[in-house]
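We did not get these values from a lab; they are worked out from the coordinates using the rules stated. Quick caveat: nothing in here was measured; it's all calculated off a predicted structure. Heads up, the Cβs are rebuilt from the backbone with ideal geometry, glycines too, and the neighbour counts pull from every protein chain shown.
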Amino acid sequence: MVSEQSPDIAAPHPLNTKTLKQIFWLSPIGMTILDLNGRFLSANQAFCDALGIEEIDLLALSFKDFTDCEDVPLLCALGSQLIRGNRQHFQIETRHRSGKKAPLQVSLTVTMVRDSLQRPICFLVQVVDLTERKWMEDQLKHHAFYDLLTGLANRALFVNRLEQTLKRMERRTDKPCAVLFLDLDRFKGINESLGHSVGDQLLVTLARRLEACVRRCDTLARLGGDEFAILLEETTGLEDVTAVCDRIHDALRRPFLVGDCETYTTISIGVVYGDGGQTASTLLSNADTALYRAKAQGGACHTVFEETMHQRAVTLWQLSNYSQQAVQRQEMHVRYQPIVDLATGQTASVEALIRWNHPQHGSISPSEFIPVMEETGVITDIGYWVLRAACQQVSQWQPQLPQHLRPTVNINVSPRQLTHFALIDQIETILAETGLAAEQLRLEITENALIQTIDLSMQVLKTLQELKVGLCIDDFGMGYSSLSRLQQLPVDTLKIDRSFIRHIKRDGENTEIARSIIDLARSLGMTVVAEGVETLHQLEQLKALACDKVQGFYFAKPLLPDAALRFMQTPVML
Ligand code: C2E
Ligand code: CA
Ligand code: CA
């Protein structure tokens, strides 16, 4: 039995027309009803909100008024198919012009509504706003192919473009393309001394300057860290590429303003040409080999890849394992380059520079084999050998030179040596063996190596200072040592990197950096040496700047011991 109060009987059916209209109006999915000509009959709140228009204003309009012109014919054709009964509904993605500024990306589902006799009455259109999702997709695509920091293409996009270019070249005999592999010289230093956010600022500024050096059709990418790459399509050969490299080096001559300080940097470039016969990864790896060579030549330059380089790199790697035997076989020797005191014209010191004459491979430059020996660790043994050989040589010279002409000896040490306490024992033993005073020995360490190993090497450096062994920062000016760091170091000499001397002109142009290093050395009570002096006008400019000492081909190349002794016996006329 059914109770009298039973709601089933008393209450009206919940889905009456009014309720249905309300459900339509409140549905979170945008919906609209169109007549068979596409004119608006009704639209719900979500639809009006998405288009930024009131329902009342819509009623005078047609759906076409909001649809991207390009999609109108397709929509009309699909609408006709619905009316004819060929299909029940369709879905399409299109763009809506809205009252808001940006057009909307939307997905439309259009359904034919028919009466009980299957006659078409109206279209029900459901609209999903895809704008945000599309934007997110675009962002994801962007992140997959672009570098977040600089906005340049990333490695993936670069490799992709390079592959496309090489494919095109396979089909047609185009002019060759060129890949330039760029790496900032001594960038680690700026990150470690001035902080990563300063490093990032520098990379962004650099990216903008590099952009200005290439054509729009070329691809400039950041491969990671301080590595960039450029793809030059259709080069006419060496001249083209040289022009781009020159523009890049020029663009870096202006100082970079990072944080509140001005700083300078240089870049090394490895170049390789592609003619369609190679893969992208071979080209990149060859460009990297050429870059390695450019770095070995002191950086701030570009080198074009040659097939022999790869072989050379492999050979060097193998050779480095035999370098100890090389010493025994007497393939290695030390040369001495005078460092002249500008006040007296006397040779204040000699720098010991290692040489390797290999019976098959000829003379191999230390810039080539020292970095390999660093990596393989052989450098500690070879370094010890140089230390001993050079100290023995200088002590042999002693009796042949009057007291005031006896030089000190500068010996290059690599970071691996400086982080080992064994170095102290070695030096004490050698000084005892040769009878040389500690004050006659000065170690040279590059600014960059010093910054990178500072925490590990500080104790060794302090002990060297207690022993009264001198310490010189080599290649100074490119490693961004901060003033406060410099003051903490037991360093007595700064050696100006030769890249700053090379550009000094007759009229005194390009002396600013040398001048500021000399001023800095003065204020810290250090001696300053300029290396790489090749011309009389460079010498004269350095004299005018009151530089203490100079070294370079203008006076002498690195000499064999006998020639070095003769050089020291007669002070030069200045
Ligand atoms: P470095 O310490 O900067 O040495 C100076 C380099 O500049 C030498 O090259 C020297 O020959 C060259 N040079 C000197 N005057 C001039 C000039 O007027 N113009 C030009 N263009 N160059 C000049 P080298 O002998 O080829 O040595 C290259 C590098 O190899 C050295 O650079 C040093 O970093 C490293 N090295 C050499 N011997 C040793 C060593 O015994 N131990 C270690 N760890 N490194 C060494
Ligand atoms: Ca040196
Ligand atoms: Ca140097």
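Using a 10 Å cut-off around each Cβ, can you sort Trp317, Trp356 from fewest to most neighbouring Cβ atoms?
Details: Trp317 13, Trp356 21.
Exposure proxy ranking, most exposed first: Trp317, Trp356.
Under the definition of Cα pairs under 8 Å and six or more residues apart, what whole-number percent is the relative contact order of the chain?
Numbers: 963 pairs, mean separation 53.7, N = 574.
Relative contact order comes out at 9 percent.
Could you estimate the translational diffusion coefficient of the chain from the Stokes-Einstein equation, with Rh from the Kirkwood formula over C-alpha pairs, at 20 °C and 1.002 mPa s, in whole µm²/s?
Details: Rh = 29.7 Å.
This corresponds to a translational diffusion coefficient of 72 µm²/s.
Once every DSSP H run of n ≥ 4 in the chain is given -39500 (n - 2.57) and the sum is divided by its residues, what mean residue ellipticity at 222 nm do you get, rounded to the nearest 500 deg cm²/dmol? Intermediate values should be presented prior to the final figure.
Working: 23 runs with 254 residues, N = 574.
The per-residue figure over the chain is -13500 deg cm²/dmol.
For segment 85-202, just say rounded, prolate or oblate: build the C-alpha gyration tensor, square-root its eigenvalues into a ≥ b ≥ c, call rounded for a/c under 1.5, and beyond that prolate if a/b exceeds b/c, oblate if not.
On the way: a/c = 5.33, a/b = 2.13, b/c = 2.51.
Cα axes put segment 85-202 in the oblate bin.
Segment 373-530: Rg/Rh from Cα coordinates, Kirkwood Rh? It would help to have the intermediate numbers written out before the result.
Numbers: Rg = 16.5 Å, Rh = 16.6 Å.
Dividing the radius of gyration by the Kirkwood radius yields 0.99.
What span do the alpha-carbon atoms of segment 405-448 cover on each of the three principal axes, reported in whole Å from largest to smallest?
Ordered largest first, segment 405-448 gives principal extents of 32, 23, 10 Å.
Once phi is turned into θ = phi - 60°, what whole-Hz ³J(HN,Hα) does the Karplus curve with 6.51, -1.76 and 1.60 give for every residue of segment 64-74, x standing for Gly and Pro?
4, 4, 10, 9, 3, 3, 4, 8, 4, x, 5
Kindly put Val128, Val533 in sequence by how many other C-beta atoms sit within 10 Å of each C-beta, fewest to most.
On the way: Val128 16, Val533 24.
Going from sparsest to densest Cβ surroundings: Val128, Val533.
In whole Hz, with x marking every Gly and Pro, tabulate ³J(HN,Hα) for segment 432-442 from phi via Karplus 6.51 cos²θ - 1.76 cosθ + 1.60, θ = phi - 60°.
Karplus-based 3J(HN,Hα) across segment 432-442 equals 5, 4, 9, x, 6, 7, 4, 5, 8, 10, 9 Hz.
Using alpha carbon centroids, what distance separates segment 63-132 and segment 303-346, in Å?
Centre-to-centre (Cα) distance: 76 Å.
Once the piece of chain linking Thr205 and Ala546 is laid out straight, how much longer is it, given 0.36 nm per residue of separation minus the C-alpha distance between them?
Details: separation 341, 0.36 × 341 = 122.76 nm, distance 3.42 nm.
Gain on extension, Thr205 to Ala546, equals 119.3 nm.
Once both axes come from the Cα atoms, what is the angle between helix 366-376 and the longest principal axis of the chain, in degrees from 0 to 90, rounded to 10?
That helix lies at roughly 70 degrees to the long axis.
Each residue of segment 208-221 in turn: what ³J(HN,Hα) in whole Hz from Karplus with 6.51, -1.76, 1.60 and θ = phi - 60°, glycine and Pro shown as x?
Those phi angles translate into 5, 5, 5, 4, 6, 8, 10, 7, 5, 7, 7, 9, 10, 9 Hz.
Whose amide H sits under 5 Å from the amide H of Asn412, counting only residues 5 or more places off or on another chain, with H placed in the peptide plane?
The list, which skips near neighbours in sequence, is Ala352, Glu444.
Rounded to the nearest 5, what % of DSSP beta bridges with both residues in the chain are antiparallel?
Details: 65 of 92 bridges.
Taking every DSSP beta bridge with both residues in the chain, the antiparallel ones total about 70 percent.
Cut-off is 10 Å between beta-carbons; in what order do Tyr322, Tyr264 appear when sorted fewest neighbours first? Please report the intermediate quantities before stating the final value.
Details: Tyr322 13, Tyr264 16.
Ascending number of Cβ neighbours within 10 Å: Tyr322, Tyr264.
Ratio of segment 66-141's C-alpha Rg to 2.2 N^0.38 Å, to two decimals?
1.29
Specify the angular offset, from 0 to 90 degrees and rounded to the nearest 10, of the alpha carbon long axis of helix 131-145 from the longest principal axis of the alpha carbons in the chain.
20 degrees
Starting from a Cα-only point model with no solvent, please compute log10 I(q)/I(0) by Debye for segment 93-133 at q = 0.23 1/Å.
Debye output, listed in q order: -0.74.
I need the Kirkwood Rh of segment 464-574: take the reciprocal of the average 1/r across all distinct C-alpha pairs and report it in angstrom. Can you show the working numbers first?
On the way: mean 1/r = 0.0667 Å⁻¹.
One decimal place: 15.0 Å for the Kirkwood radius.
Could you tell me whether segment 279-323 comes out rounded, prolate or oblate from its Cα gyration tensor? Rule is a ≥ b ≥ c as square roots of the eigenvalues, rounded for a/c under 1.5, then prolate if a/b exceeds b/c, otherwise oblate. Before the final figure, lay out each step's value.
Values: a/c = 2.59, a/b = 1.28, b/c = 2.03.
Verdict is oblate for segment 279-323.
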